[in-house]
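This report concerns only the one structure given below.
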Amino acid sequence: MKQSASTKPNLTPMMRQYVAIKQQNPTTVLLYRMGDFYEMFNEDAKTASRILGLTLTSRNHGGADATPLAGFPYHALDRYANRLVKAGYRIAICEQTEDPKKAKGLVKRDVIEIISAGTATETSFIDEKSNNYILGIVVNDGTAGVSICDLSTGEFSVEEIEKEKLSEEIVRVDPAEIIAADGGEDPLAGLSEENGFAQRVITRYDGWKFDRDNAEEVLKCHFSVASLQGLGFESYETGIRAAGALLSYLKEQKKNDLRHISSLIPRTLSRYAELDPSTIRNLELLKPIHSDDKGGTLISVLDRTCTAMGGRLMKRWITHPLKQAPEISDRLDCVEWLKKDVFVRGEIELLLKQIFDIERLIGRITYERANARDLSALKNSLNVFPKIVKTLSPKSNNVIRGISQNLEGFEDLALRIDETIVDNPPLSLREGGIIRKGVSQELDEIKEASQNGKKWIASLQETERKNTGISSLKIGFNKVFGYYIEVSKANISLVPETYIRKQTLVNGERFITPELKEMEEKILGAEERLSSLEYELFVSLRTEIAGYCSRIQKAAEAVAMLDVFTSLAKIAADSGYCRPIIREDSNIIIRECRHPVIEQMSIDEQFVPNDAIVGGKDAQIILITGPNMAGKSTYLRQNALIAIMAQMGSFVPAAKAEIGIVDKFFTRVGASDRLARGQSTFLVEMIEVANILNNATDRSLVLLDEVGRGTSTFDGISIAWAVAEHLHKTPKCRPRTFFATHYHELTELALLFPRIKNMHVKVKEWNDKIIFVRKVEDGSCDHSYGIQVARLAGVPEPVIKRAKEILANLESMELTPDHKPALARHDGETRTSEPTMQTDLFFQSPQVIKDPQLENIKKKLDTIEINNLTPIEALNHLAEIKKAVDTPPEQLLED
Ligand code: ADP
Ligand code: MG
């Protein structure tokens, strides 16, 4: 930013202070507190007026020319700050740090907090059902250290992953802000814009904060440990650097020691199935692809949670499907129990609804932002725990027992809050009215004194009326004059001499007396002492509760889990889901499978269930053909969604589902399905295809939807063909694959490859028109129906007729003369059925070979057993063969 103000001569002392503070916070919009306003100057003022629509004024602060200025009243801070942060700005809140009344000269000011997208914690800034993640990233030698924190909940974890997996991880975690080192290897270089990097706030932070020693020191100090071995991170390197730097960034921004970040957890990604970014996006797990499709996501169907914590955990579970059968079964057991026991489920739902967001409450309590209402909310939530434990007690499953245990033992804390804080405390912490009677003797005495004083004043009205004979005499109070006696004009003559005149009104006059002022001083003094004493008592209770931080965090996690189980049980019961069977082999067998989202949205068309069988000896790759709009994409997606749901521990929309665990999910959707994204997509499409071919394993599940559509038909078919061939024949890369295509030419693949199976989405032809019946059946589609779709769309009849002619011509050329699919030929393979010398050299019957030289070589080769050769022997044989080649044929014949 241009710092023109600093170069101006004759700045007022206040502007000098402003400029100094601004220089310390150059990358922020500085909100400078002046009395009841936050003011912004110079460039900040212009930004604020643009983003917030504030009027830009200017003020001559002693400078030669005017300083741009914009401001808003202090109570509007949340609203305006929120909008600046959402617009990607970082704001520094600069407060008056001493009482202006007591200040000598200029009031001291300081930045008390910096707020950016990833460091916002106030409820008004962040969505309650989403985590607000900030990521610290550092890359070294192909390894990325990724540290994740949600400042509002205290969640803090770290992982080390291959650099190539970084973009996948970023899409999965979906952070609001990313912190990366300023200088050194840029971890974000080359990450595709496709995955939303443009929309994320990227913050460059001092490179040295990412140094190993510095980072380690920050972590050791925060967690009060002598070495990181105690935390289990001895083998970490980039992870430590990322976590340490992130933590020091957060502390700097919040000017707080962030004690609610009570542990650093290794994020063992090996526990979870991988989801490539394209899968998260295309299966619309959390966000709709087209932002206008509100509700069209898996989370919108599954999330029936009652608490904010449950909502956040549900999101994490959806993007982190498990890979271990026992862990999945444990979750399914809980869902099953809650699904069957309608009574318990109803009971638990009622109880969960009474629980506040204790995870964020304890965060606010620990970093000293909580008010008395937060403490009350915590207490009310803790009071629900024993009822939950009791409701859960008949169930002896491991997971449920774990949940119960984490909810036990908070009775004393709840009681402690209840005994200290009144039932409906005010928002403000500075005006008293928070602490119950009986908590502090001193407080009660002052309260009584102040109340007695007030009573005395109240009785004064009666006494003075009697003494003066003025029946309309009133005692009043205002902030400027304090207590006063008011007498109307008509009665002024009756006022005694002891009254001191203070103020004249239209209809009367106001007086005071020395006694009244004396009592007033007592009352006001008591009230001041009262509120500061109440504040002290409140803060001490808040600090005490902060000591329960990690226990309450565990309880919050338990509540979240129970909430997710209950939610999954509810949707399973309401929508007729079944419990999936988790298999250790690689088969997926789903009967009467539905698309969880579309079945909820279909209003005018009943959703038609379909079977899906993939994996095993004859169905590794399912090739699905059918005309446009038949339901291919839907079928593909529902199968993958069901596997994801099963592995997160959910029941699934099917009559029966057996899921051989999936290690990685891949999705590739043909370019033209996403024209709305406005990208040149063929390259992206191919990058994603490459990623699949390079990384898929036998346990993966791949969806290929119209691959190759982004280029010309011949190119497209060729690429699609080659990809299918590769997935079929490459050892260790034989993923279970659903391959949807409207190129019905590809169905010939099944003629050639045993594990490729044709399926098609059935349509009915009627009067040369098509009717979609949405049924997926064995076998291939006999043609593309493109022409029928064209007719459906109103293309003129002559054009349709001509297209049919051309189609017939093209189709007649599809088979080679020996009735093999023309597409299947390899290079060098003949285009006629005549064998050639080249291909038949060694494989045809011996009499075909007339060349004595070759005959000789063949004899020699036949005697060699390659497996038993030493290198020297091999060389000798090679020499002999060469000699045989060099020998003229005539000589051989003579032999
Ligand atoms: P395709 O990929 O073959 O072009 P889509 O999968 O995009 O077709 O489906 C086209 C439309 O048909 C979608 O709007 C979808 O809602 C509907 N649909 C698909 N499958 C079914 C089904 N099994 N039952 C009912 N409607 C379906
Ligand atoms: Mg489609």
Can we say residue 113 is among the acidic types (Asp, Glu) and assigned to a loop (DSSP other than H, G, I, E, B)?
no
Checking residue 488 against (1) of a type in the set (S, T, N, Q); (2) touching a residue at least 60 places away in the same chain (Cβ under 8 Å); (3) open to solvent by 30 Å² or more (accessible area, probe 1.4 Å), the condition it does not meet
(2)
Residues 272, 205, 249, 236: which one is closer than 28 Å to residue 543 by Cα and crowded, with 16+ Cβ neighbours inside 10 Å?
249
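Results for (1) modelled with pLDDT under 95; (2) more than 16 Å from ligand 2 (Cβ to nearest atom); (3) not in a strand (DSSP E or B), shown as yes or no for each residue.
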{"position": "589", "(1), (2), (3)": "no, yes, no"}
{"position": "604", "(1), (2), (3)": "yes, yes, yes"}
{"position": "607", "(1), (2), (3)": "yes, yes, yes"}
{"position": "624", "(1), (2), (3)": "yes, no, no"}
{"position": "628", "(1), (2), (3)": "yes, no, yes"}
{"position": "638", "(1), (2), (3)": "no, no, yes"}
Out of 761, 707, 723, 773, report the one residue that is part of a loop (DSSP other than H, G, I, E, B), in contact (Cβ under 8 Å) with a residue 12 or more places away in the chain and surrounded by 13 or more Cβ atoms within 10 Å (Cβ to Cβ).
707
Restricting to the range 654-697, name every residue that is open to solvent by 10 Å² or more (accessible area, probe 1.4 Å), farther than 21 Å from residue 191 by Cβ and modelled with pLDDT under 75.
672, 673, 675, 676
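Tell me whether the range 406-428 contains one or more residues that are under 29 Å from the mean Cα position of the chain (by Cα) and either farther than 30 Å from residue 540 by Cβ or crowded, with 19+ Cβ neighbours inside 10 Å (or both). Give the derivation first.
Let us first name the residues in the range 406-428 that are under 29 Å from the mean Cα position of the chain (by Cα), namely 406-407.
When the remaining residues are screened for being either farther than 30 Å from residue 540 by Cβ or crowded, with 19+ Cβ neighbours inside 10 Å (or both), the result is 406-407.
The answer is yes, given that some residue of the range 406-428 is under 29 Å from the mean Cα position of the chain (by Cα) and either farther than 30 Å from residue 540 by Cβ or crowded, with 19+ Cβ neighbours inside 10 Å (or both).
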State which residue pairs qualify: first residue farther than 15 Å from residue 703 by Cβ and inside the range 730-747, second residue basic (Lys, Arg) and within 16 Å of ligand 2 (Cβ to nearest atom) in any location, beta carbons under 8 Å apart, and separation of 6 or more residues or different chains.
742/632
Looking only at residues in the range 612-642 that are among the β-branched types (Val, Ile, Thr) and under 12 Å from residue 740 (Cβ atoms), which one is farthest from ligand 1 (Cβ to nearest atom)?
621
Which residue, of 611, 563, 574, is outside any loop (DSSP other than H, G, I, E, B), buried (at least 23 other Cβ atoms within 10 Å of the Cβ) and away from ligand 2 (no atom under 16 Å from the Cβ)?
563
Only one of (1) within 16 Å of ligand 2 (Cβ to nearest atom); (2) more than 36 Å from the chain's Cα centre (by Cα); (3) of a type outside the set (Ser, Thr, Tyr); (4) in a loop (DSSP other than H, G, I, E, B) is not met by residue 746, so which one is it?
(4)
Taking the range 343-377 and keeping residues in contact (Cβ under 8 Å) with a residue 24 or more places away in the chain, among the hydrophobic types (A, V, I, L, M, F, W, C) and under 16 Å from residue 306 (Cα atoms) leaves 344, 348, 351, 352, 355, 356, 358
Would you say residue 119 is open to solvent by 70 Å² or more (accessible area, probe 1.4 Å), touching a residue at least 12 places away in the same chain (Cβ under 8 Å) and in a loop (DSSP other than H, G, I, E, B)?
no
Every residue from the range 647-673 that is in a helix (DSSP H, G or I), hydrophobic (A, V, I, L, M, F, W, C) and either within 27 Å of residue 762 (Cβ to Cβ) or within 15 Å of ligand 1 (Cβ to nearest atom) (or both)
671
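Within the range 36-53, which residues are closer than 17 Å to residue 106 by Cβ and open to solvent by 40 Å² or more (accessible area, probe 1.4 Å)?
37
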Residues located in the range 370-383, provided they are surrounded by fewer than 21 Cβ atoms within 10 Å (Cβ to Cβ), touching a helix residue (DSSP H, G or I) at 6+ places or on another chain (Cβ under 8 Å) and assigned to a loop (DSSP other than H, G, I, E, B):
383
Enumeration of residues in the range 106-116 that are open to solvent by 20 Å² or more (accessible area, probe 1.4 Å) and either in contact (Cβ under 8 Å) with a residue 40 or more places away in the chain or touching a Leu at 6+ places or on another chain (Cβ under 7 Å) (or both)
106, 109, 110, 112
Matching entry among 497, 464, 486 (being out of contact with any helix residue (DSSP H, G or I) (no Cβ under 9 Å at 6 or more places or on another chain), assigned to a strand (DSSP E or B) and not aliphatic (A, V, I, L, M))
486
Working only within the range 384-400, note down all residues that are in a helix (DSSP H, G or I) and of a type in the set (Gly, Ala, Ser).
none
Within the range 594-606, restricting attention to residues that are closer than 16 Å to residue 574 by Cα and either touching a Gly at 6+ places or on another chain (Cβ under 8 Å) or of a type outside the set (S, T, N, Q) (or both), which residue is nearest to ligand 1 (Cβ to nearest atom)?
598
Name the residues in the range 235-261 that are under 17 Å from residue 111 (Cβ atoms), assigned to a helix (DSSP H, G or I) and touching a strand residue (DSSP E or B) at 6+ places or on another chain (Cβ under 7 Å), would you?
249, 250, 253, 254
I'd like the full set of residues that are closer than 21 Å to residue 667 by Cα, surrounded by fewer than 21 Cβ atoms within 10 Å (Cβ to Cβ) and away from ligand 1 (no atom under 15 Å from the Cβ), limited to the range 740-756.
755
Please name all residue pairs, on different chains or six or more residues apart, with Cβ atoms under 7 Å, provided the first residue is in the range 463-484 and is free of Cβ contacts under 8 Å to residues at least 60 places away in the same chain and the second residue is open to solvent by 60 Å² or more (accessible area, probe 1.4 Å) and assigned to a strand (DSSP E or B).
481/502; 483/477; 484/502
Answer yes or no as to whether residue 350 is on the phi < 0 side of the Ramachandran plot and in contact with a Leu (Cβ under 8 Å, 6 or more places away or on another chain).
no
For helices (runs of 4 or more DSSP H) lying entirely in the range 291-357, having 3 or more residues that are over 28 Å from residue 127 (Cβ atoms) picks out 325-340, 342-352
Are any residues in the range 140-168 within 18 Å of residue 181 (Cα to Cα), touching an Asp or Glu at 6+ places or on another chain (Cβ under 9 Å) and open to solvent by less than 10 Å² (accessible area, probe 1.4 Å), and if so, which ones?
144, 145, 146, 147, 148, 149, 159
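The values are calculated or read from the model by the stated rules, or taken from the named source; none is laboratory data. Everything numeric in this text was worked out from a predicted model, so none of it was measured. Backbone-built Cβ (ideal geometry, glycine too); neighbour counts: all protein chains shown. Please note that ligands, DNA and RNA were not included when accessible areas were found on the heavy atoms of the full protein model with its side chains. Shrake-Rupley method; radii C 1.70, N 1.55, O 1.52, S 1.80 Å.
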